[in-house]
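Reviewing the structure listed below.
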Amino acid sequence: MVGNELIREARLRARMTQAELADRLGTHQSVVARWESGRSAGFDLGVAITEHNDHDLALVRRELRLAPHERLAGMVEAVRKFAEMTEIAVG
Amino acid sequence: MAEFDPVAILRCIVDREVEFVVVGGVAARLRGAPLLTQDVDITPSLTRPNLERLVAALADLQAQLRTSDEPAGIPFPFDPLLIESANVWTLTTRSGDLDLVISPDGTGGFKDLIRAADRLVIALDPELVVNVASLADVIRSKEAAGRDKDRAALPLLRRTLEELDL
């Protein structure tokens with residue numbers, strides 16, 4: 001199972017919509033859709049990124065409103081949740 | 001695999017009074033780029049006393065070599081000379097993965113990066129302050145590295161830099 005399939009499988013097992021997963025990871029539904037479709041460039045937990053579009057600007061602006069320690073804490077929480085979902089998908 | 005706790009890793013290194021700059025994905029996130037990463041990259045000062053302090057911190061962290069074949073780590077006898085002998089050390093610790101990057105691509109290492117770095121508060125209670133590379137330097141390094149994942153991150157990093165410059 002490759003990365004994009006893993007994300008979709010984990011999400012479905014968790015009975016979550018793309019929007020719900022996006023909300024928990026602090027991103028946008030369209031980003032999750034791109035991950036699952038395999039259109040994002042090399043999704044892995046090393047660096048999860050999105051392509052350049054208007055949603056990115058919203059993400060950036062939201063992040064810039066936070067203090068550095070809040071940004072780091074948010075990232076750690078997102079990584080932890082993603083790891084949990086990956087474990088669910090792997091079974 | 002240890003749960004990723006970058007604050008614990010960096011607090012341990014700070015406690016040993018190691019001079020370093022946070023670089024890579026964690027630096028980008030601290031600067032406001034909404035990226036995810038699961039390792040901490042640091043660039044240490046290469047003075048002998050500093051590398052000795054770093055070796056002590058690595059012992060505190062129970063650092064081991066991390067490879068694709070052995071992600072759980074391989075015990076390794078770190079010493080200052082050894083650390084200087086390679087440009088990148090990929091490690092796993094009791095608090096997650098840590099990479100020592102002696103001279104990130106496109107940069108001149110600690111002396112270069114510290115000039116534009118800022119001291120940022122990365123945790124409260126107790127407060128933890130570390131040197132964090134500038135976003136421009138993170139971008140410079142990723143441009144020079146040129147790996148797929150570095151190139152893929154560049155649009156978002158540049159977008160963040162644009163917003164910071166407004």
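Readers should treat all values here as calculations from the given coordinates under stated rules, not as data from a laboratory. Keep in mind that what you see is a predicted model, and the values were worked out from it rather than measured. Virtual Cβ from ideal backbone geometry, glycine too; neighbours counted across all protein chains shown.
Among B:134, A:37, B:68, the order by Cβ neighbours within 10 angstrom, fewest to most, reads B:68, A:37, B:134. If you take the Cα centroid of region B:98-149 and the Cα centroid of region B:1-74, the two points sit 12 Å apart. Comparing B:145, B:117, B:63 in a Gaussian network model of chain B, where Cα atoms under 10 Å apart are tied by springs, the biggest mean-square fluctuation is seen for B:145. Here the gap between residue B:52 and residue B:17, fully extended at 0.36 nm per residue and compared with their Cα-Cα distance, gives a gain of 11.6 nm. Excluding same-chain neighbours fewer than eight residues apart, the aspartates and glutamates reachable from residue A:81 by a Cα-Cα span under 18 Å are A:5, A:9, A:20, A:23, A:36, A:44, A:70, B:3, B:5, B:39, B:97. For region B:6-160, averaging the sequence separation of C-alpha pairs within contact (under 8 Å, six or more residues apart) and dividing by the residue count gives a relative contact order of 26 percent. Could you work out which residue, out of B:92, B:43, B:107, moves most in a Gaussian network model of chain B, that is, has the largest mean-square fluctuation with Cα springs under 10 Å? Most flexible of the set in this elastic network: B:107.
Normalised Debye scattering of region B:6-160 at q = 0.10, 0.17 Å⁻¹ gives log10 I(q)/I(0) of -0.32, -0.98, counting only Cα atoms as equal scatterers and leaving out solvent.
Quick one: net charge of residue B:76's neighbours, Cβ under 13 Å, K/R +1, D/E -1? With Lys, Arg at +1 and Asp, Glu at -1, the neighbours total -1.
Calculated [222 nm] ellipticity per residue, helices only, for the protein assembly as shown: -15000 deg cm²/dmol; basis is -39500 (n - 2.57) per DSSP H run with n ≥ 4, divided by all residues, nearest 500.
Taking N as the residue count of the protein assembly as shown, its C-alpha radius of gyration divided by 2.2 N^0.38 Å amounts to 0.99. Springs join every pair of Cα atoms under 10 Å in this Gaussian network model of chain B, and among B:61, B:154, B:98 the largest mean-square fluctuation is at B:154. Projecting the Cα positions of B:68, B:121, A:29 onto the charge dipole of the protein assembly as shown (unit charges on Cβ atoms of Lys, Arg, Asp and Glu, taken about the Cα centre) puts A:29 furthest along the positive direction. Return the lysines within reach of residue B:111: Cα separation strictly under 30 angstrom, same-chain partners fewer than 8 residues apart disregarded; answer none if there are no such residues. Those lysines meeting the cut-off are B:142, B:149.
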